[in-house]
Amino acid sequence: MSKKFPYKAEDLKPSRRDFLKWSGAGLATAMMARYGFAPILAQNMGDIPAELHPGSPNNARGWATALPPIPEGMPVDPPVTVTGSRRGPWEFADGDDIENSPFTRLNAAVTGINWKLAFNWIDNEEEVLQKYNLAIASGELPDFMETVPLQIYGELLENDLVEDITDVYEAVAHPVWLKEAMSFGDGAAWQYAEVDGRKMGLPYIEQAAQNDKLLWIRQDWLDAVGMEVPTTVDELYAVAKAFVEADLGQGGEGSTIGIAAANNLVTWYSSLDPIFGAWGVMPGYWTPDDSGDLQYNSVQPEIKEVLGLLRQWYAEGIFAQDYFTLRPPQTAFRQIGGNTCGITMSPAFAALFGLPDSVTNDPSARWTWGDIPAGPTGIKKKAWSNPVVDSVFCFRKGFEHVDLVLKQIGWWAELLQNPENRYHGFEGTDYFWRDDNGEVDSMGGTLDLASGYDGTKHIWGPPGTNGGARTDPRHETNWIKHRREVWANTPEEERDAMMEAFLGGDELSVMWDDANVFAVDRWELDGIRNHFTTFPTRTMERAGASLNDLEAETFVNIITGQASLDDFDTFAADWRSGGGDVITGEVNDWWHGQM
Amino acid sequence: MTIREYMKRAWPLYAMIIPGIFFVLLFRYYPMYGVVIAFQDFSPAKGFLNSPWVGWENFEFLFSLPEFWRILGNTLIIAVAKIVADQIGAIILSLLLNEARMLFFRRAIQTLIYLPYFLSWIVLGGILLDVLSPYGILNQAIGNFGVEPQLFLGSNNWFRGTIITSGFWKNVGFSTIIYLAALTAINPALHEAAAIDGAGRFRRIWHITLPGIRPTIVLLAALSLGDVLQAGFEQILTLYSPAVYRTGDIIDTNVYRVGLVSAQYSLAGAVGLFKSLIGFGLILLSYWLADRYAGYRIL
């Protein structure tokens, strides 16, 4: 299923390495004299004017972007205008806006499609529902609907307002950057976008292993107590206990805590999901039992064991006394950033979120990372982060240019995700030159040098969507590997400014790269997957919230000692009789109907 | 004067209120037909006209929520305590400010207590979480007196108190303004006469100032009855956690969580209607009270 950097572009077009190989030393030398390094030939330019081209080929330390082959029959003549919804926020250089930016200008030159903004929303759950509901109620749906939330998608389907794109997709979708890229996990990508075998839109896919946890730990504290990076839950406890007792934190006396935890036990930062995973269960998840039926994990006996352990840890001061009032970012700012805590189970991006604050506030802080700890029986599992967001890109029923938009999406998917294209965005929009020594700087935070070239994505379609949508979930990791395999082996005098910016990263961003590659490699091995991936069932709609409350209350009361551990049994029984049994039946009806 | 003569003279006045009436009809009354969704299984795609009717089902569901009585109780307790604290606090504060002699001091204090009113709960929530944490400044302060750290936001003993106090802190400045305005309307001659007759400060407050602002007190107190089911959704949403559902979960926050599972417009509509009906009854009551004790009436 998982291939190492699978998408070689050689078969589609000559790559930069090929070019260098073919062109011979003479041409390369001539180019270096002019550019300072040997650039990629601007390929597939067609009639596209040079000023629309991404990259900075005219700068002494700049680079050229190789455009993917222009799709057949494009740009269409006469041009077509397509309306689309968008998720904000965005920021452009002066004079540009979402309908007229370097992205749309290049796009219009390549495809002949002009985009018109139907409506937009800032990243906000209520606002997006409102805007889509309004569009539905007024009967004016945009041609292309970006990241439609699941409940709106349900409404659209129910009322037959979505175009079935199955046949067009088969005919025109990019064979590598759409079809192959989205074929991971036995069709997992299509869990929402496909309904009864028909494709009703394009999936919203994010980076693989985005929230998969690793163990982040203070190396300097480990040295201080003379211990190693823990590999089991028992060792983790011993280390955390030692940190607390040695009171190594920066806060007032006795304020050091052992392990960062947040209001949700299974969450995206400072999570305890690897502890539950060490017993093979995941609260809130539905997983198949031996007989193949889905079971709700939160009521399984293993949960009680873990809760008992967490209860003991809380009593011993391993967790903050008020951990259950903290949102995940607050653990990052206050506990990790505030240096009162030296252990957090957080994703690879912790190296960029939380840890930098810690080092700023205490320059002697040295962090390291390791795999999640194993349980008493050697199980090592964590919550699997599903790269498929419960949201779909849809086309309005009756929209006649689905084929054109799909071709556009395929073209951008390749430009943005194929490292061979060397796409780093547009000068003046995504970055600008800081000085003549060949340094680049991000502008308005839109180009994050450490996190790949997808910080700014302002063209309609999954790979261009603000907020991390793409078609290949391993795209970011592919970039890291490409940099390490190709850029790092490029002689120093041939490197351009972008290569240098990346290769000369600080300790934490190198750590982020390492952790990211590791997490993605373990992604499909260590993850516990929530197998219930559809609309809430009837009884969930009615009783789900009460049952969730009951669970949340019971768990926090058990851990903080306000309820006895045996209250778990009462909870499990109440859960079953209060609608849980009915929900289990409904969930399994869906589950077995799937197979 | 016949009606005809009267209208000849007064018609511009009537004409002037027409836009106002139109505005109220258009923006206050016309949208009210939306309450029908409380009796439907509403779907935006089908609209008001075609969504299936379900009778009282949404209300039955609301009242059958296992937590219903708990959340209703929490809502009432928190809202009533807030109203009482807010009114009494505002009266006392405005009396104190009114007695302060230095104008600069008075203005400075007034501005300071008014300041938090302009901050959103999202911002204040972050600040309070820090200030009230077991490692926060408040616990460090009481720790100096040998008091154990308290979980102001995480314990059922403290949560309501924290909500009421922080709500008071945020809003009291606003209520104080109205009382201060009422206080300026009291004839200074009364104070001077009382002072000559030998009345001290407290006696003057009791016999002149308080009776002078009595209509305002009764009116504001009566009008705030309409808020008796508004316990402060944003505030509680930013500050609560499952550990304090027992004492801090109100109708709005509960329905919000129900809505998170799936979009339940109709249920939200039913809750809105339920709260409006209670509010309507209380406004009638407060109107009667205002008439009875403050002589305030519309007709």
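No value in this document is a laboratory result; all are computed from the given coordinates. On a predicted model such as this, the values are computed, not experimentally measured, just so you know. As a convention, Cβ positions derive from the backbone with ideal geometry for all residues, glycine included, and neighbour counts pool all protein chains shown.
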For an R0 of 30 angstrom, estimate the FRET efficiency from the Cβ-Cβ distance between A:ILE379 and A:GLU507 and round to the nearest 0.05. 0.40
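For a quick check of your reading of the filter: which trypsin sites (Lys or Arg not before Pro) in the range B:30-118 sit in a DSSP loop and have no more than 16 other Cβ atoms within 10 Å?
Loop-located and lightly packed - B:ARG101.
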Cα-centred dipole magnitude for the range A:223-338, charges only on beta-carbon of K, R (+1) and D, E (-1), debye, nearest 20: 440
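For B:TYR14 and B:PHE104 in the same chain, what is the full-extension length gain: residue separation times 0.36 nm, less their Cα-Cα distance, in nm? Don't jump to the answer; show the numbers that get you there.
Working: separation 90, 0.36 × 90 = 32.40 nm, distance 4.52 nm.
The span from B:TYR14 to B:PHE104 would gain 27.9 nm if fully extended.
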Let a ≥ b ≥ c be the square roots of the eigenvalues of the Cα gyration tensor of chain A; is it rounded (a/c under 1.5), or, if not, prolate (a/b larger than b/c) or oblate? oblate
Euclidean distance of C-alpha centroids, the range B:99-176 and the range A:194-235, integer Å: 38
So, R0 is 45 Å and r is the distance between the beta-carbons of A:PHE535 and B:LEU76; what FRET efficiency does that work out to, to 0.05? 0.80
As an exercise, use a Förster radius of 41 Å and the Cβ-Cβ distance of B:PHE118 and A:VAL76 to find the FRET efficiency, rounded to the nearest 0.05. 0.20
Angle in degrees between helix A:507-526 and the longest Cα principal axis of chain A, rounded to the nearest 10: 70
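Summing +1 for each Lys or Arg and -1 for each Asp or Glu, what net charge is found among the other residues whose Cβ lies under 13 Å from the Cβ of B:ALA79? Show your work: numbers first, answer last.
Values: positive: B:LYS82, B:ARG160, B:LYS275; negative: B:ASP86, B:ASP227, B:ASP252.
With Lys, Arg at +1 and Asp, Glu at -1, the neighbours total 0.
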Straight distance only, please: which aspartates and glutamates reach the Cα of B:LYS82 with their own Cα at less than 20 Å, same-chain residues fewer than 8 apart left out? B:ASP227, B:GLU234, B:ASP249, B:ASP252
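Per residue, how big is the convex hull of the range B:66-294 when only Cα atoms are used? Give it in Å³.
Numbers: hull volume 35.9 nm³, N = 229.
Cα-based convex hull of the range B:66-294, divided per residue, equals 157 Å³.
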For the range B:66-294, what is the charge dipole size about the Cα centre, in debye to the nearest 20, if Lys and Arg each add +1 at the Cβ and Asp and Glu each add -1 at the Cβ? 320
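Give me A:LEU352, B:LEU115, A:LEU415, A:LEU272 sorted ascending by neighbouring Cβ count inside 10 Å, so fewest comes first. Present the calculation step by step, with values, prior to reporting the outcome.
On the way: A:LEU352 15, B:LEU115 11, A:LEU415 22, A:LEU272 25.
Ascending number of Cβ neighbours within 10 Å: B:LEU115, A:LEU352, A:LEU415, A:LEU272.
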Using Cα centres only, tell me the gap between the range A:268-345 and the range B:207-282 in whole Å. 34
Net charge (Lys, Arg +1; Asp, Glu -1) of residues whose beta-carbon lies under 11 Å from that of B:VAL172, B:VAL172 excluded, is +1
By DSSP, what percent of the beta bridges with both residues in chain A are antiparallel, rounded to the nearest 5? 65
Take A:ASP186 and A:PHE432, extend 7 Å from each Cα along the Cα→Cβ direction, and tell me the distance between the two endpoints in nm. 5.3
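Mind checking the alpha-carbon convex hull of the range A:230-299 and giving the volume per residue in Å³?
Given the Cα convex hull of the range A:230-299, per-residue volume reads 113 Å³.
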Towards the positive end of the charge dipole of the protein assembly as shown, with charges on Cβ (+1 Lys, Arg; -1 Asp, Glu), say which of B:GLY212, A:THR534, B:ILE37 has the farthest Cα. B:GLY212
